[in-house]
Amino acid sequence: MNALHFPTSPVLSKLLIYSGISLSRAETASIPAVCFEENYFLDSAQVIREQSKTQGISLRIQYSSYRSNKPYEDKRFSEEKKVFFGDTCQDVLSTLGSPMKIYYKSDDRMKIHSTSEEKYNPSNQSDYFYNYITLGLDILFDAVTNTVKKLILHTNYPGHYNFNSYYRCHFEIPLFRTDPINTGEFERMLITPFSKWEEVQEFLEQPVDRPAVLNRCSSTNTSNPFGATFCYGVEDMIFEVMQNGHIACVTVYNTSESSSSSSSSS
């Protein structure tokens, strides 16, 4: 830099940090063992779908035996875990362990003022979420049956209201359409956290209903500095899309009236 001459002092505009021998051949670096701290992280996730209906999700989870006082004993492990619609909260706890947080739906908070009989009526209970932050996953349970009814997959994009609240969920969602050339055959698109909404629309080749506008705000602030997002419904999924076209999160829900766990057959 001392040999270069500039009319004015140069200002840094971009800094790229990557793993690999060159930027064009950069690879995702593995999580350092010291970062695990007895947590587990998501390597990949495949949404299980049959005949345009979501059945559940398959998670490839990695964890480490690293201990700060015995760094030489570091070992990496990887396991496949599956969660299906209709699984009970006990099933999920056995499969994924305890969630980082449990959240009860905020729109039911006024039930604290209900009478004693109303409070303990099963039909008046609040649905609740298990928040698995390091997996980028929320699981919604029905208050009456205590079974899985929704899955929320977070992409953790900058500029979204929940940015840096979750790790990115590296999901893959298969989407199918009828092949316009070969009648009776289907074309397949794989939606990932890096897919843009315009790509999904182009693949669908059909008008998508007007989106619902979502403008989040915290309990202490009345404004959202990141702006509104747009929610589009496709089959049994809801895509929350940011103003720049990136997918902020995907909600998949159970369309069956009576769900039965498929984990016994897997």
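The values are calculated or read from the model by the stated rules, or taken from the named source; none is laboratory data. Just so it is clear, the structure is predicted and the values come from calculations on it, not from any experiment. Quick reminder, even Gly has a Cβ in these numbers, built from the backbone with ideal geometry, and neighbours come from all protein chains shown. Side chains included, ligands, DNA and RNA excluded: accessible areas come from the protein's heavy atoms. Shrake-Rupley method; radii C 1.70, N 1.55, O 1.52, S 1.80 Å.
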Checklist entry - Just the accessible area for VAL47, please: 1.4 Å probe, Å², rounded to the nearest 10? => result 10
Item to check | Virtual spin-label span in nm between LYS101 and TYR253, 7 Å along Cα→Cβ | outcome: 2.2
Item to check | Subset of LYS14/LYS150; LYS53/LYS196; LYS81/LYS149; LYS75/LYS149 violating a 28 Å alpha-carbon distance limit | outcome: LYS14/LYS150; LYS75/LYS149
Item to check | Added length on full extension, which subtracts the Cα-Cα distance from 0.36 nm per residue, GLU198 to LEU16 | outcome: 62.8 nm
Next on the checklist: On a 1.4 Å probe surface of the protein chains, which of CYS169, CYS231 comes out largest in accessible area, and what is the full order?
Outcome noted: CYS231, CYS169
Item to check | Calculated FRET efficiency for the pair ARG25/ASN215, C-beta based, R₀ 35 Å, to 0.05 | outcome: 0.25
Item to check | Residues with amide H under 5 Å from that of ALA248, placed H, sequence gap 5 or more | outcome: GLU240, VAL241, MET242
Checklist outcome for this item: Ignoring ligands and nucleic acids, LYS82 exposes an accessible area, probe 1.4 Å, in Å² to the nearest 10, of 80
